[in-house]
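Input: a single structure, listed below in structure tokens.
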Amino acid sequence: MTGSDTHRAIEAVWRIEAARLIAGLARMMRDVGVAEELAQDALVAALEQWPASGVPRNPGAWLMTVAKRRAVDMVRRNERFERKLVELGRELEDEEPPPDPDEIEDDLLRLVFTACHPVLSTEARVAMTLRVLGGLTTDEIARAFLVAEPTVAQRIVRAKRTLADKRVPFEVPQGEELAGRLSSVLEVIYLIFNEGYSATAGDDWMRPGLCEDALRLGRVLAGLMPKEPEVHGLVALMEIQASRAGARVGPSGEPILLLEQNRARWDRLLIGRGLAALERAEELGGTLGPYALQAAIAACHARALTPEETDWRRIATLYEALARLSRSPVVELNRAVALAMAYGPAVGLELADQLVSEPALKGYHLLPSVRGDLLAKLGRTAEARAEFERAAALTRNERERALLLERAAAC
């Protein structure tokens, strides 16, 4: 194996093993920041040794052993952790014991809840999650979100410091606290997916890498929490939405809207996985949560072989249920679109017009975009053009701006 081959192998191993490695170290050290430093030390050792010695048979165990030895060295430098040194030293006696799969899963779950702790800002939670669970570098996170690399680095440093200063326990919350904390975890994963699915800014309509990272995190979480319906609901939603990725962008990178997409290009494997995850969420019983409801809406589109076969009345009903749960003006805007498709553009425009005074939608480009579309369908082309131009001025995505200006010109 050449040096470049080895480096590619190390990169692949790191992406797979980083989260488990950091999770196991965080359980021992009770500090995510220290755990990540130790894991990075192990990575450096791999980069130094594997090109000469070759990739070991069990690279994950090799990295953990090296990291634990670094932990012993660190503890030795701090007499306050003498008891910890004894515990770690015992683990390193003789041969490294085989990893306990249940313990690894427990550690991963603790790490998920620690990285997404509500004590951190949303931006910090996203950065921490992508770093310690997604295995992305600071540079990759910065490029994905079009943020300066030092800004991302500062967010991660501050997040680690906050977790340490607030003495956030490395544990999975129990009882009533679990529901609140789980909603934070799901929010972070879906925020990452959404940024990949419809980029907020920049020259690209989509960033598929972020969608893949979010999907992987969601699938891991579903494996760790198989009895949580909303976890399966989120996975279902992401699987079905991701199935459209190949049809959402044209040959030159231009956006293709849902009703204009070639549905033959939708990924039927992902749709099947999404429908299966939605079925699991429904089988677990209880009222469907916001992610499962959105997945049910996405499923209506996935099951329709043509736009004309879409069950818009069911979609409108599902959005009504979602609106009762979330009280979100964005959901109401989506409901306006569904009502327009089910009962005519005048019905949808009536609801969309009621949202114009919503403070939360003041700078939201999709409100004038939806109003422009409905006005155009009603033949009010001058008003529609003004709305499309206003939407184009509000969006920060260049591909989306070009599409909106094209629609304005068509009016």
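The values are calculated or read from the model by the stated rules, or taken from the named source; none is laboratory data. Everything numeric here is computed off the predicted structure, so don't read it as measured data. Methodologically, a virtual Cβ is constructed for each residue, glycine included, from the backbone with ideal geometry; neighbour enumeration extends over all protein chains shown.
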So the check is Cβ under 8 Å with 6+ separation or different chains; which pairs have a first residue in the range 156-180 that's without any contact (Cβ under 8 Å) to a residue 12 or more places away in the chain and surrounded by 11 or more Cβ atoms within 10 Å (Cβ to Cβ) and a second one that's of a type in the set (Lys, Arg) and assigned to a helix (DSSP H, G or I)? none
Among what's in the range 355-390 and is outside any helix (DSSP H, G or I) and basic (Lys, Arg), pick the residue that is surrounded by the most Cβ atoms within 10 Å (Cβ to Cβ). Arg380
Checking Ala409 against (1) within 27 Å of Gly202 (Cβ to Cβ); (2) surrounded by 15 or more Cβ atoms within 10 Å (Cβ to Cβ), which single condition isn't satisfied? (2)
Looking at the structure I just gave you, is Leu163 in a helix (DSSP H, G or I) and either within 17 Å of Val231 (Cβ to Cβ) or at pLDDT below 90 (or both)? no
Out of Gly180, Gly202, which single residue is among the small types (Gly, Ala, Ser) and on the phi > 0 side of the Ramachandran plot? Gly202
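Select from the range 307-349 the residues that are assigned to a loop (DSSP other than H, G, I, E, B) and modelled with pLDDT of 95 or more and list them in ascending order. Quick ask: steps written out before the conclusion?
If we filter the range 307-349 for residues that are assigned to a loop (DSSP other than H, G, I, E, B), which is where we start, we get 310-311, 327-328, 344.
Passing the criteria: Thr310, Asp311, Gly344.
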Could you list all residues from the range 233-259 that are assigned to a helix (DSSP H, G or I) and among the polar types (S, T, N, Q)? Gln241
